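A short worksheet on the structure shown next.
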Amino acid sequence: MAEEQNETTDSPKPKKLKKILFLAAGVLLLAGLGAGGWFGYTTFFQSDYPKEKLAYVDLDKTVLKFTWTQMPEVYRHMVNANAEMALMKNEIDRIRTVGKSYPRQKKIVASEIKRWEKNVRKLSGQLKRFQGQVEALYVTFRVNPQKGRTDIFEKSPDLAASLQDAVSGARSQTDPVRLSRIPLEGIKGIIAKVKSRFL
């Protein structure tokens, strides 16, 4: 009788162990399927080229895609330059709106607009120069791929650094505008300030 009780008390343990192993195997299988699905999506289905509209970058879509694939740092700085240009243009529009509300203060409005337009012309000129260099690299790559790859390897770091300097110069002008739009209170304000410094 004592042996029968030991067998009945011992028999549920292997069933529990089997259930736990079966459950663990199921979780691992689901994790493997999830990882495989993620890999398949990012590899085969996700569009790799971002279809952003760069209003202030005057390059063909093919040249932009080439820049994105061959010189991603240069492309990223072009996107940043486009954002800075848009911010400057929006600030000019905002100042003009304020000027319409207070027509007797035309001198203040005119001097601010003049300052912002000077910054827009400066960044626009720099951007045009960089666009010409990127277009030249694209044409070189299309005409002679081997020489194009060599030129990209040699010129891309300098081009990216120069473009980053241009964007940094523009950011020094637009930081007060960007910071004035950030709420100063609480944790959200702190996070927004940190983001504005690095993005």
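The values are calculated or read from the model by the stated rules, or taken from the named source; none is laboratory data. Predicted, not measured: the structure shown is a model, and the values here were computed from it. With ideal geometry, Cβ positions are generated from the backbone for all residues, glycine too; neighbour counts draw on all protein chains shown.
Within segment 45-57, is even one residue in a helix (DSSP H, G or I) and either exposed (fewer than 12 other Cβ atoms within 10 Å of the Cβ) or out of contact with any helix residue (DSSP H, G or I) (no Cβ under 7 Å at 6 or more places or on another chain) (or both)? Within segment 45-57, one or more residues are in a helix (DSSP H, G or I) and either exposed (fewer than 12 other Cβ atoms within 10 Å of the Cβ) or out of contact with any helix residue (DSSP H, G or I) (no Cβ under 7 Å at 6 or more places or on another chain) (or both). Which residues, taken from segment 61-116, are of a type in the set (Lys, Arg) and under 23 Å from Pro50 (Cβ atoms)? Within segment 61-116, Lys61, Lys65, Arg76, Lys89 qualify.
Selection of segment 153-176 for residues being more than 19 Å from Val79 (Cβ to Cβ) and surrounded by 12 or more Cβ atoms within 10 Å (Cβ to Cβ) yields only Lys155. Picking from Phe130, Phe141, Phe153, which residue would you name as being within 23 Å of the chain's Cα centre (by Cα) and farther than 24 Å from Ala83 by Cβ? Being within 23 Å of the chain's Cα centre (by Cα) and farther than 24 Å from Ala83 by Cβ holds for just one of Phe130, Phe141, Phe153, which is Phe153. Filtering Ser124, Ser162, Ser111 for residues that are modelled with pLDDT of 90 or more, out of contact with any helix residue (DSSP H, G or I) (no Cβ under 9 Å at 6 or more places or on another chain) and not acidic (Asp, Glu) leaves a single hit, Ser111. Taken together, the residues in segment 123-148 that are within 26 Å of Val79 (Cα to Cα), surrounded by fewer than 15 Cβ atoms within 10 Å (Cβ to Cβ) and free of Cβ contacts under 8 Å to residues at least 60 places away in the same chain amount to 7. Screening Thr150, Thr97 for residues that are closer than 26 Å to Leu64 by Cβ and of a type in the set (Ser, Thr, Tyr) leaves exactly one candidate, Thr150. Looking across segment 86-122, the residues that are free of Cβ contacts under 8 Å to residues at least 24 places away in the same chain and small (Gly, Ala, Ser) come down to Gly99, Ser101, Ala110, Ser111.
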